[in-house]
Structures are given as C-alpha cells and as structure tokens.
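Below: one structure, written as structure tokens.
The values are calculated or read from the model by the stated rules, or taken from the named source; none is laboratory data. All values reported here derive from a predicted model rather than from experimental measurement. When we count neighbours, we look across all protein chains shown, and the Cβ atoms used for this are built from the backbone with ideal geometry, even at glycine.
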Amino acid sequence: MAEPIRIVAALIRNEEGRVLLVRKRGTASFMQPGGKRDPGEDDVTALTRELTEELGCRVVARSVAALGTFECQAANEIDRRVEAAVYAVDVTGAVAARAEIDEIVWIDPAAPGEIDLAPLTRDHVLPLARP
C-alpha cells in the first residue's frame, strides 16, 4: 500500500462558530484549508504559507493549537489515504479564494447541509468543531 499523503490542515472558525471550508479547482469535495509541507518546513510554517497562498490571510501566531493527527481516505485520490496534522487557528485579513482554490464556504459544523465533504472534514474535523 502507498504511503499516506502527509498534510497540515486548519480548523478556522468565525465569530458565529461557522467553519471555513475550501474546494480546490477540479474537485467536488469541501475540506479544510492547508496542504503539503515543503522540504524543511515544520507544521506551523507550512500551514501559515498555505493559508497565505490559498486564502490571502495570515495566521495569528498565538492562536495556533494542535488538535491531533488523523488518517483517513483521501478525498481526491481513490486509492490513497491522507495523514493530516490538524490545528485550530485564528486568521487576520480578508479571506478569499486564491491560487488553486475555486470556492470557500462557512458552514455550521453541527448542520453542514447538503455539501460534499472530504472524509477528514466529515469524520474528524467537524466533530471537533461542534459545540
């Protein structure tokens, strides 16, 4: 079996407790923003870079809190698994879809509605975000 895709991912909530999800270009599933580490990057450096590239916002350094590492089916590669280090973070600056992001949504983690969710988001992250 292939090695899992190793990523970092962010749980970002707004003032109303809604969770930010993104949909990457050419995909159907919504997921946490984040991505793969570049060589030599630690988790926080990689997550900060990814959020700036994908959303144009900045991580509030003192807000970073590790939530755990989770493994599950990859959303966009049928025969692969993803291993995600997930962090709760606050961000500053306007949030907008950039780079490979086609769409962003803010959802109620307790009632996401009829939206295609990545397994990591559905099975691990949203349960952590529920009140």
Original post:
Any residue in region 103-126 that is in contact (Cβ under 8 Å) with a residue 24 or more places away in the chain, under 13 Å from Ala9 (Cα atoms), part of a helix (DSSP H, G or I) and hydroxyl-bearing (Ser, Thr, Tyr)?
Top reply: yes
**OP:** For residues that are in a strand (DSSP E or B), surrounded by 14 or more Cβ atoms within 10 Å (Cβ to Cβ) and without any contact (Cβ under 8 Å) to a residue 60 or more places away in the chain, tally how many sit in region 28-43.
**Re:** 2
Original post:
From the list Arg62, Arg25, Arg6, which residue is over 14 Å from Pro119 (Cβ atoms), touching an Asp or Glu at 6+ places or on another chain (Cβ under 6 Å) and exposed (fewer than 13 other Cβ atoms within 10 Å of the Cβ)?
Top reply: Arg25
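Could you please find all residues in region 65-99 being acidic (Asp, Glu) and either surrounded by 14 or more Cβ atoms within 10 Å (Cβ to Cβ) or not in a loop (DSSP other than H, G, I, E, B) (or both)?
Glu71, Glu83, Asp90
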**OP:** Please state which of the following conditions Ala46 fails to meet, knowing it meets all the rest: (1) assigned to a helix (DSSP H, G or I); (2) small (Gly, Ala, Ser); (3) within 16 Å of Val22 (Cα to Cα).
**Re:** (3)
Subject >> First in region 65-79 and under 15 Å from Ala9 (Cα atoms) and of a type in the set (Val, Ile, Thr), second anywhere and at pLDDT 90 or above and surrounded by 13 or more Cβ atoms within 10 Å (Cβ to Cβ), Cβ under 6 Å, 6 or more apart >> reply: Thr69/Ala85
Original post:
Across region 9-22, what is the number of residues that are among the small types (Gly, Ala, Ser) and surrounded by fewer than 15 Cβ atoms within 10 Å (Cβ to Cβ)?
Top reply: 1
Original post:
Could you list, in sequence order, the residues of region 112-128 that are closer than 15 Å to Arg18 by Cβ and either modelled with pLDDT of 95 or more or not small (Gly, Ala, Ser) (or both)?
Top reply: Pro112, Ile115, Leu117, Thr121, Val125, Leu126, Leu128
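I need the full set of residues from region 27-47 which are modelled with pLDDT under 95 and either of a type in the set (Asp, Glu) or under 13 Å from Leu120 (Cβ atoms) (or both), in order please.
Matches in region 27-47: none.
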Original post:
Restricting attention to region 83-99, which residues are under 18 Å from Leu128 (Cα atoms) and of a type outside the set (Ser, Thr, Tyr)?
Top reply: Glu83, Ala84, Ala85, Val86, Ala88, Val89, Asp90
